Structures are given as C-alpha cells and as structure tokens.
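Participant: To start, I am sharing the structure in question, which I have written as structure tokens.
The values are calculated or read from the model by the stated rules, or taken from the named source; none is laboratory data. Everything numeric in this text was worked out from a predicted model, so none of it was measured. A quick note on method: Cβ atoms are made from the backbone with ideal geometry, for glycine too, and the neighbour counts reach across all protein chains shown. Quick note on the areas: whole protein, heavy atoms, side chains included, nothing else; ligands and nucleic acids left out. Shrake-Rupley method; radii C 1.70, N 1.55, O 1.52, S 1.80 Å.
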Amino acid sequence: MAAFLVSWSITTTPLAKQWHFAKRNARLYVSCDKNQTEISHENFDRRNLLLGMGGLYSSSNLPSILPAFATPIEAPDFTKCSRGTNLNTGQPLDVNCCPPLSREFIDYKLPPVKKMRFRPAAHLATKEYIAKFEKAVELMKALPADDPRNFMQQANVHCAYCNLTYEQVGDKDLRIQIHNCWHFFPWHRWYLYFYERILGKLIDDPTFGLPFWNWDNPEGMVMPAMFANSNSPLYDARRNLNHLPPAIADLAYSGKDAKHPSKIIPHNLTLMYREMIRHARHLEDFYGAKYSTGSQPNPGPGTVERGSHTAMHSWVGEATRTGEDMGNFYSAGRDTLFFGHHANVDRLWTVWQDLRGSKAKHFTDTDWLDTTFLFYDENARLVRVKVGDTMDNIRLGYDFQKVDIPWQKNKPKAHVKKSKIASTSGAPSADRVFPVKLDKVVKILVPRPKKSRSKKDKENEEELLAIEGIDVDTATFVKFDVFINDEDDDPYVLDKAEYAGCFSQLPHKNSSRVKTKIRLGLNELLEDLDCEDDEYILVTLVPIAGGEDITIGGIKIIYVS
Ligand code: C2O
C-alpha cells in the first residue's frame, strides 16, 4: 500500500484560498495506512462478540469482562459526528461543534525540525512578541468561517473532542472523550501543536511558539497582561472580571474566592508539589486512567488535570453556573488564554518527565501509543496523528523558555504529628458508610492492610488511597477535598501534610452520569504525620462544590509497585 499524497504545492497561495483548494481536492488524499484501519475495524465487533457468547451484557460492562480485547481509541469518523445529546434528558445540545466534513486524511509524519519554535513565558514576553501573537490571532479570526483553521473552528475542535460528539470507532454505543483519562496530555499537545503552526504560518514565522502562562510560579500567578488588555484580539469578555490583574491566580479555586487570601501563594506551591511529585509517582496517577475502545468516558483524571488545570479554567471563566468561556469545556477554546493555560500544562508534562530521572516517563501500552486523532494542520489538510509521537516536545520542534520551578521544595508540613488519631476519633469504618452522598462532610476510618512497612517495602510499593465509584454528572462543576488524620477541621487551609488532595471536574455541555476514580499517594504523607504504625487512617471528605451531586462508591488502601 504505497503511501502517496498529491503533491502539495500551494505554499504561496493566500491562506484563505488554500482551504477552498483543500476542500475541492479532498478526494485526492489517500491514507497511508488504510489497510491497517480496515483490519482494526473488522477485528471484532464487540456486541456481535457478546451475542456470540450468548451474553446479555451491555457494551458498558465490557472492559471488566473482556480486558484482553481492549484496543486503542481510533481517530473519529467525521461523518459520525453528531451535535451531541444531553444523555440524561435525551435532548440535543444547543451547540454544534462538528468540524468541516472530510472523510479522507493523511497519516501525519513529524516534519524534520529545521528551526525550533520557542514558547516564552507570557509574563516575560517582549512587546515584539506580543505584537506578532496578536497579529496572528487577528488573521486567524479573519479566515473564512468554514476554514478549519478559523478561530471558531479551532475552538470547536476542543468542543468536539470533549462533548461526546464523536462515536467511538468499534463501539457505536460509546463516545470519545479525551479528558479525565490518560489522553489528556497527548491530545492537548497535538491540539496546541497545530494551533501554533497555524498561527506561525499566518504571520509567516516558522519559529513562532505559543506563550505559556506560568501560573505555577509566583512571578506568573496573575493573568498575563497581554490577555487582560481589552483592546487586544487576545481579550475575551466572557471571563470573571474580578480575576483580572492584580488578582492572584488560585490553584485551588472552586467557584468561590479564597477564604485566606494571604495563603494563596503558599497553597499554590504546595498544591503543585502534590500534583507533580507526591501523588504523581505512577504513570496512571500523573497521566490519568486507561481509556480505550469500549471504555466508558471519564475513567479517572490525573493529578494536574483534576487539580490546578481545572481550577485555572474555572478561575478564568465567568462567575456563572456554566462558567463560559474558559470554565466550560465546550467553550474553553474560544478564549485565547486557553492556549496560554494549556501551553503551561504542556510544559508541566515536560518538567515532570525531566524530574523522573531514570523512571518510566510514558506508557508502553499500545492502547496508549497507537491511539489516533484527527486534526486539520496549518495547510488545512486533515491529518491523523498518533499519541506515540507526543512523548518528546523537542522532536515535535518546540521548546520552552527556561523558568524556575519553585514548588519542588514545597513539601507540605504536618500541623499535628500524632499517631492513633484515627482509632480515637469515633468515626465509622469504611465498610459501613459507602456508597455515600457528599451533601455533608464525611469522616471514615480506612483500614491499612499493611503497617510498619520498612524503607525497602516503601521503595518497592507505594501505598495509595483509592477513591472509587465517584459518581458525578458531567454537566456540573464539582469538587471535593480529602484530608487525612486532620484534627483542625479548617478545610480552607491546604498547605499542610494533612491535606491529601482533591477531585474536581470542569463542566461539559452534555450531561451524563459517569463513574470515575482517583488515587492519592500515602507513603510520604504517612511519614510526615507519623502514623506509619497505625492500623487505620481517618479520612475526611469535604464537599467544596456541587456536593449534593457527588456520590462516592468506596475507599480503600492499595499497594502498587
Ligand atoms: Cu481540554 Cu483544559 O481542557
């Protein structure tokens, strides 16, 4: 199967015309990999397989029944894009973010890197850089409305991949969702990659890189000035106007301003330490849980996604229930600050990999590596890209301005170092409480199957608190915090070892109930609290937003090597 593409010789054509050219010639594209696609389509049809087994299972039960049949998520078929439905009411959504229709695509080959693109920290960007970025965004907004590189079309790319508008190839009953799972980092890396190349092409600058909003560094913890200037094309009126400079970005934001404003910066730094170090020792905890064909959406978000990332989205978006633009997935891409925000998320991925030393930096599971997505590139060609190509930003041709990583040393300290807090607390044990609705603070005792572990044991196995069956509606902003052996009961003090972390979720336009999970690393935390030898830990779950709508299925301690 020879891979060929009719040669693309229109680099001198004005961009607006190129899209019309691309549309006319769409049938000329030939996938390099068609056979392979067909094979995997034919491989099996899950539901037929089930009928063959005489089972009465729904496809949603499949992952647990037939784990061996998992396959990578395949690039969606654009003809199978639907406006999306509120799955609870069956009503169609009032937004349509399906991309310009095209059936044919080419497999994307990473172009050789001739010149690196440079992504500056937004707060350090020069006047010249800002002028270029503004110009590029202006040109993007001026492209014809149906050009896939047009500003709104690009915003809709995000909407389409997060709003359950695409069917999963191979399982029509399930949809594609690239959030709250292990595709969060790679999918957004590709999204920014093409966005950046489109902007660079529009201003004819092959070294153009997106700015990153350095919100993990006190020097970058306000909305960068270039985005806050109401005369700039980078401005978006649909934001929380109380959060324009000099308001300090709150990485624990949950719809309400911080109770202890003087603590925002120390909170932010210890939160970053937890997300990037303490709870991010295992690939699954940093990247998010496995999601492949046949999986229900939202198997579980990684530390950064559910923490600082979600907080910054809702901190920027309007202070309304639905939070447009940034505070809601379907509209987030309509704010240029989205790209500054995600350029930092993308940078944190690289930082995390660098901090890993010799430890594995990415999955080797082919269900991750071979996952594919479709994007329109800077020449308006529909291209199919692989997750396996995202692991190294240098190979992708861009690098970040070097900045300090201040949170590395912000290990939270224990407020109270005391053993046996759990056993004298009088809290009920976990097996008597779940499932439980989080319309109130819930305290429970969780047994530790192993205690007094040696240094060696701890090196070999991480003790993790697994919170499972977190049942939420995807259309609601929700957040709860988790504390361990905490006696002071001020849920708004977060820079202490007793604070273990959070679950939070940004709303989508679609509404459907999902069951998700998180895991929190305990090794370091138990040492800090001096309760290594305790048989139980006292876990406090504090609803912060939308608690009436959260049910928790269960909590247990597990050991993972
Ligand atoms: Cu795709 Cu920050 O969201």
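Participant: Go through the range 519-539 and give me each residue that's in a strand (DSSP E or B), over 18 Å from Asp471 (Cα atoms) and not hydrophobic (A, V, I, L, M, F, W, C).
Facilitator: Gly521, Tyr536
Participant: OK, next. Of the residues His179, His188, which is part of a helix (DSSP H, G or I) and closer than 26 Å to Trp213 by Cβ?
Facilitator: Values: His179 fails: part of a helix (DSSP H, G or I).
Result: His188 is the single residue among His179, His188 that is part of a helix (DSSP H, G or I) and closer than 26 Å to Trp213 by Cβ.
Participant: Pick from Glu219, Glu284, Glu305: which is open to solvent by 20 Å² or more (accessible area, probe 1.4 Å), touching a helix residue (DSSP H, G or I) at 6+ places or on another chain (Cβ under 8 Å) and of a type in the set (D, E, K, R)?
Facilitator: On the way: Glu284 fails: touching a helix residue (DSSP H, G or I) at 6+ places or on another chain (Cβ under 8 Å); Glu305 fails: open to solvent by 20 Å² or more (accessible area, probe 1.4 Å).
Of Glu219, Glu284, Glu305, the one residue that is open to solvent by 20 Å² or more (accessible area, probe 1.4 Å), touching a helix residue (DSSP H, G or I) at 6+ places or on another chain (Cβ under 8 Å) and of a type in the set (D, E, K, R) is Glu219.
Participant: Being of a type in the set (Asp, Glu) and surrounded by fewer than 13 Cβ atoms within 10 Å (Cβ to Cβ) narrows it down to one residue among Asp392, Asp399; which is it?
Facilitator: On the way: Asp399 fails: surrounded by fewer than 13 Cβ atoms within 10 Å (Cβ to Cβ).
Unique residue meeting the criteria: Asp392.
Participant: Among the numbered criteria (1) among the aromatic types (Phe, Trp, Tyr); (2) modelled with pLDDT of 95 or more; (3) in a loop (DSSP other than H, G, I, E, B), which single criterion is violated by Phe375?
Facilitator: (3)
Participant: I've got another one for you. Take the residues in the range 226-278 that are part of a loop (DSSP other than H, G, I, E, B) and at pLDDT below 95, then tell me which one is least open to solvent (accessible area, probe 1.4 Å).
Facilitator: Our first condition is that a residue be part of a loop (DSSP other than H, G, I, E, B); within the range 226-278, this holds for 229-240, 244-260.
From what's left, at pLDDT below 95: 254-260.
Working: Ser254: 17, Gly255: 49, Lys256: 126, Asp257: 96, Ala258: 34, Lys259: 124, His260: 61 Å².
Filtering first and then ranking leaves Ser254.
Participant: Let me ask you something else. Just give me the residues in the range 507-538 being over 19 Å from Leu271 (Cβ atoms) and aliphatic (A, V, I, L, M), in sequence order.
Facilitator: First, the residues of the range 507-538 that are over 19 Å from Leu271 (Cβ atoms): 507-517, 526-527, 530-538.
Scanning the range 507-538 gives Val514, Leu526, Ile537, Leu538.
Participant: Mind checking whether some residue in the range 348-359 is within 14 Å of the ligand (Cβ to nearest atom) and open to solvent by less than 20 Å² (accessible area, probe 1.4 Å)? Steps first, answer last, please.
Facilitator: First, the residues of the range 348-359 that are within 14 Å of the ligand (Cβ to nearest atom): 348-349.
Those left that are additionally open to solvent by less than 20 Å² (accessible area, probe 1.4 Å): 348-349.
Yes: one or more hits.
Participant: Within the range 322-344, take every residue that is among the small types (Gly, Ala, Ser) and touching a Pro at 6+ places or on another chain (Cβ under 8 Å) and give me the one that is surrounded by the fewest Cβ atoms within 10 Å (Cβ to Cβ).
Facilitator: Per the criteria, the residue is Gly323.
Participant: State which residue is most open to solvent (accessible area, probe 1.4 Å) when the search covers only the range 143-175 and only residues that are away from the ligand (no atom under 16 Å from the Cβ) and more than 17 Å from Pro100 (Cβ to Cβ).
Facilitator: Step by step, filter the range 143-175, then rank; the result is Lys172.
Participant: Inside the range 176-213, can you point out the residues that are more than 16 Å from the ligand (Cβ to nearest atom) and polar (S, T, N, Q)?
Facilitator: Thr207, the sole residue that qualifies.
Participant: Just for the range 402-437: of the residues that are open to solvent by 70 Å² or more (accessible area, probe 1.4 Å) and not basic (Lys, Arg), which one is nearest to Leu251 (Cα to Cα)?
Facilitator: So in the range 402-437, the residues open to solvent by 70 Å² or more (accessible area, probe 1.4 Å) come out as 402, 404, 408-409, 411, 413, 415, 417-418, 420, 423-424, 426, 431-432, 435, 437.
Subset that is not basic (Lys, Arg): 404, 408, 415, 423-424, 426, 431, 435.
Details: Asp404: 18, Gln408: 16, His415: 21, Ser423: 33, Thr424: 34, Gly426: 33, Asp431: 33, Pro435: 29 Å.
Within the range 402-437, the match that is nearest to Leu251 (Cα to Cα) is Gln408.
Participant: Do any residues in the range 165-181 that are touching a residue at least 24 places away in the same chain (Cβ under 8 Å) have Cβ atoms under 7 Å from those of residues that are among the acidic types (Asp, Glu) and in a loop (DSSP other than H, G, I, E, B), where the two are at least six apart or on different chains, and which pairs are they?
Facilitator: Matching pairs, first to second residue: Val169/Glu74; Val169/Asp77; Gly170/Glu74.
Participant: If we only count strands (runs of 3 or more DSSP E) wholly inside the range 438-497, which ones have 2 or more residues that are under 21 Å from Ile558 (Cβ atoms) and open to solvent by 10 Å² or more (accessible area, probe 1.4 Å)? Give the derivation first.
Facilitator: Working: elements: 442-447, 462-473, 478-484.
Qualifying strands (runs of 3 or more DSSP E): 442-447, 462-473.
Participant: Would you mind telling me which numbered condition in (1) closer than 22 Å to Asp473 by Cα; (2) touching a residue at least 24 places away in the same chain (Cβ under 8 Å) Leu271 fails?
Facilitator: Failing condition for Leu271: (1).
Participant: With respect to the numbered conditions (1) touching a His at 6+ places or on another chain (Cβ under 9 Å); (2) modelled with pLDDT of 95 or more, which one is the sole condition not fulfilled by Ala155?
Facilitator: Looking at each condition in turn, Ala155 falls short on (1).
Participant: Oh, and also: Does the range 272-314 hold any residues that are within 14 Å of the ligand (Cβ to nearest atom) and small (Gly, Ala, Ser), and which are they?
Facilitator: Gly288, Gly302, Gly307, Ser308, Ala311, Ser314
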